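This report refers to the structure that appears directly beneath it.
Values in this text are rule-based calculations from the coordinates and carry no lab data. This is a predicted model, so every value here is computed, not measured.
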Amino acid sequence: MKEYYTLLRLNRKEYEIMKIREEKGKIEVEIRSRKKKVRCPVCNNFTSSVHGKLKPIRSVYLDSCGQEVNLIIHKRRFHCYKCNKIFTEELALTSINGSISNAVRDRDKKRFTGL
């Protein structure tokens, strides 16, 4: 399991790999955040009250060892008791409403702009 963190360049302190499925030329990795408390985007207070879970997000990730890698990201929704808002946790892997990982977006941006 340790080698998958290295191959995918994931921080072991931030993300937990739940399940790995390997098929012909394709790897699917299910991950979730290890954070117990998150900061409310409205009032900036920490909360640990999980309101629910979202449908898993399938995200295209960088190719690794010649195989296509897809991340299946499990995000949680939290409830802030101070401002009474419900919000989704933010992860540094994808943009807010995106299905392409930030790593792939940055790689393609460099490729097309010649940077």
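Each residue of segment 84-91 was assigned a 3J(HN,Hα) from its phi angle through the Karplus expression (A = 6.51, B = -1.76, C = 1.60, θ = phi - 60°), giving 6, 9, 10, 9, 9, 5, 9, 10 Hz with x at Gly and Pro. Length, then width, then depth: along the principal axes, the Cα atoms of segment 10-54 run 47, 22, 14 Å. In plain terms, the chain from T88 to R12 could stretch by 25.2 nm, reckoned as 0.36 nm per residue minus the Cα-Cα distance. When all alpha-carbon pairs of segment 33-82 are counted, what percent fall beyond 16 Å? Result: 53 percent of Cα pairs exceed 16 Å.
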